[in-house]
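The values are calculated or read from the model by the stated rules, or taken from the named source; none is laboratory data. Just so it is clear, the structure is predicted and the values come from calculations on it, not from any experiment. Virtual Cβ from ideal backbone geometry, glycine too; neighbours counted across all protein chains shown.
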């Protein structure tokens, strides 16, 4: 497990990540730097979280010691819009769907979040060690993760593919991994995408075709830079992230549609006493309309759920 870095170096790296992810430098050089003047998109101005108030009946579901302290330690992976990113630079607060939902849940529960930035692949192991009480980072609920992690769902996102704009080799939506045979796929370290591609690596050989190659990167910026420089052919990442990215003209990518849907949730150590309260808080946000307003703000309404669940089985 990589150690979590301090906030300022981590924040600076993630700010650069966002710039690269949205501009997807395709200069053909090996520097991987973003074009001069590139910047992250401004966050929408509306604030649906502002009106959220504590709901005593929901807050009462928290353990007594948590209610007394009034603070929860949140391990937060800040990456790209619409999930979580730095619209105003690394020294300003992050924004995004995950940020709003976590803040709204905390307000319903009457607690303050002590947010600590951390790399995606370090958060789940750190929950088990007690470093964080809860984690966010668009964590998909999978059978493997359910062995060691508890989840409280708040959205339905999943896996998709994108290519460099104008690349027609795949001819549209990818619904079968055999479509990728002979190509090089880039994805993030420690993700469900890496796990899926690794587990299914033999599908091409089964049909007598050249296997696909997988290149794993610790930051999304590196994935997007590799795509634009031709070192990979396809990106596998989140449906909402790839769809949002493709809508940014500077990114120069085409979204190839959904491959596999996954529930996404707040993550906790196995057996955490916080899950019941978090589920009730998400359900309260759904009931009072705040949830719908947050998703509308970030353009992710198609990923809405009707009710939160604790540890649902992985979608098959």
### Task
Kindly indicate the residue of the stretch 74-115 that is within 19 Å of residue 265 (Cβ to Cβ) and assigned to a strand (DSSP E or B) and also nearest to the chain's Cα centre (by Cα) among those meeting that condition.
76
### Task
Would you please name the residue that is surrounded by the most Cβ atoms within 10 Å (Cβ to Cβ), looking only at residues in the stretch 117-127 that are over 12 Å from residue 151 (Cβ atoms) and either at pLDDT 95 or above or out of contact with any strand residue (DSSP E or B) (no Cβ under 9 Å at 6 or more places or on another chain) (or both)?
123
### Query
Just one of the numbered conditions (1) surrounded by fewer than 18 Cβ atoms within 10 Å (Cβ to Cβ); (2) in contact with a strand residue (DSSP E or B) (Cβ under 9 Å, 6 or more places away or on another chain); (3) under 30 Å from residue 66 (Cα atoms) is not true of residue 170; which one?
(3)
### Message
Checking the conditions here, which among 165, 131 is touching a residue at least 24 places away in the same chain (Cβ under 8 Å) and outside the structural domain of residue 283 (by TED's automatic domain parsing)?
### Response
165
### Message
For the stretch 255-274, give me each residue that is under 20 Å from residue 215 (Cα atoms) and in contact with a helix residue (DSSP H, G or I) (Cβ under 6 Å, 6 or more places away or on another chain).
### Response
255
### Query
Among (1) out of contact with any strand residue (DSSP E or B) (no Cβ under 9 Å at 6 or more places or on another chain); (2) surrounded by fewer than 17 Cβ atoms within 10 Å (Cβ to Cβ), where does residue 247 come up short?
(1)
## Note on the structure
Heads up, the helices (runs of 4 or more DSSP H) in the stretch 162-261 (entirely inside) with at least 2 residues that are more than 16 Å from the chain's Cα centre (by Cα) and within 26 Å of residue 123 (Cβ to Cβ) are 192-199, 220-228
